[in-house]
Amino acid sequence: MSTTSPNSKVLLLPLGSWEQHGPHLPFDTDTIIIDAVVIHALRDTQVDADAFAIAPTIAISASDEHVGFPGTLSTGTEALVQSVVAICRSASWSQGVCIVNGHGGNADALTRINSALTYENIRHSIWSLPSYDGADMHAGHTETSVMLHVAPDRVRTDRIERGTVGDASVLVAQMRTSGVAGIAANGVLGDPTTATKEHGIAVMNLYSSSLATHLVTLSSEWLGNSQ
């Protein structure tokens, strides 16, 4: 059990989502993945896990782009901004808040959150899952591979099917006008038929090492801890 007082810690605030992930992945895929990333990062030998407090993951966030798919829930951007900013205000006892984002649809909200927290002089940092060459966007090769690694029992391998594949910037632009439903009837942006557990391990290592490096920096800059 930690003996470090809360006011000498950095608060980690993970953001997941509750939205359709094609016919083969669960609604809480983003939450499962970001929770696993946080756990793996804090196990990294470089990280002093005792320097961090973990808030409950926000499991419903801004998923309006998935409107039309039954089961999806969304706070919308405005409500997410207001709630995250309020949570960060309430964490004045901490040495700062690191928002750990696992959902791409939160991008607009995070821009506004950053602006609001900066204006209010609330110490914060925002980290999101890094991309890599060959990554796809939603419920495709990338996310399915990670889920085959961290939660294989939640993957409906008998229902995996290829989705819409294309340039990410083009797909994002289309999504802003037509939503996911307008470009992928099955809700998949990418090709999960090529997913493997081995690739999932490599992606999880990328994610967790990136977050671990970020946490080491925060520990040093905000808490004065040397590694």
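Okay, here's what the table says:
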{"read-out": "Index of the failed condition, residue 53 passing every other in (1) touching a strand residue (DSSP E or B) at 6+ places or on another chain (Cβ under 6 Å); (2) open to solvent by 40 Å² or more (accessible area, probe 1.4 Å); (3) over 30 Å from residue 189 (Cα atoms)", "value": "(2)"}
{"read-out": "Residues of region 214-225 satisfying the condition of being open to solvent by 20 Å² or more (accessible area, probe 1.4 Å) and out of contact with any helix residue (DSSP H, G or I) (no Cβ under 7 Å at 6 or more places or on another chain)", "value": "214, 216, 217, 220, 221, 222, 224"}
{"read-out": "The one condition in (1) in contact with a helix residue (DSSP H, G or I) (Cβ under 8 Å, 6 or more places away or on another chain); (2) open to solvent by 40 Å² or more (accessible area, probe 1.4 Å); (3) aliphatic (A, V, I, L, M) that residue 155 fails to fulfil", "value": "(2)"}
{"read-out": "Test result for residue 193, out of contact with any strand residue (DSSP E or B) (no Cβ under 7 Å at 6 or more places or on another chain), more than 23 Å from residue 101 (Cβ to Cβ), modelled with pLDDT under 95 and not in a loop (DSSP other than H, G, I, E, B)", "value": "no"}
{"read-out": "Residues (surrounded by fewer than 21 Cβ atoms within 10 Å (Cβ to Cβ), touching a residue at least 24 places away in the same chain (Cβ under 8 Å) and assigned to a loop (DSSP other than H, G, I, E, B)) located in region 96-129", "value": "96, 120, 122, 123"}
{"read-out": "Output for region 184-198, where each listed residue is out of contact with any His (no Cβ under 7 Å at 6 or more places or on another chain), open to solvent by 30 Å² or more (accessible area, probe 1.4 Å) and not charged (D, E, K, R)", "value": "185, 186, 193, 196"}
{"read-out": "Residue identified as surrounded by 15 or more Cβ atoms within 10 Å (Cβ to Cβ), in contact (Cβ under 8 Å) with a residue 40 or more places away in the chain and not small (Gly, Ala, Ser) among 211, 171", "value": "211"}
{"read-out": "From the options 162, 176, residue that is within 23 Å of residue 72 (Cα to Cα), modelled with pLDDT under 95, open to solvent by 60 Å² or more (accessible area, probe 1.4 Å) and in contact with a helix residue (DSSP H, G or I) (Cβ under 9 Å, 6 or more places away or on another chain)", "value": "176"}
{"read-out": "Cβ pairs under 6 Å, 6+ apart, first in region 29-55 and without any contact (Cβ under 8 Å) to a residue 12 or more places away in the chain, second outside any loop (DSSP other than H, G, I, E, B)", "value": "49/42"}
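The values are calculated or read from the model by the stated rules, or taken from the named source; none is laboratory data. If you're wondering where the values come from, they're calculated on a predicted model, not measured in any experiment. Glycine also receives a Cβ, built like all others from the backbone with ideal geometry; neighbour counts cover every protein chain displayed. Side chains included, ligands, DNA and RNA excluded: accessible areas come from the protein's heavy atoms. Shrake-Rupley method; radii C 1.70, N 1.55, O 1.52, S 1.80 Å.
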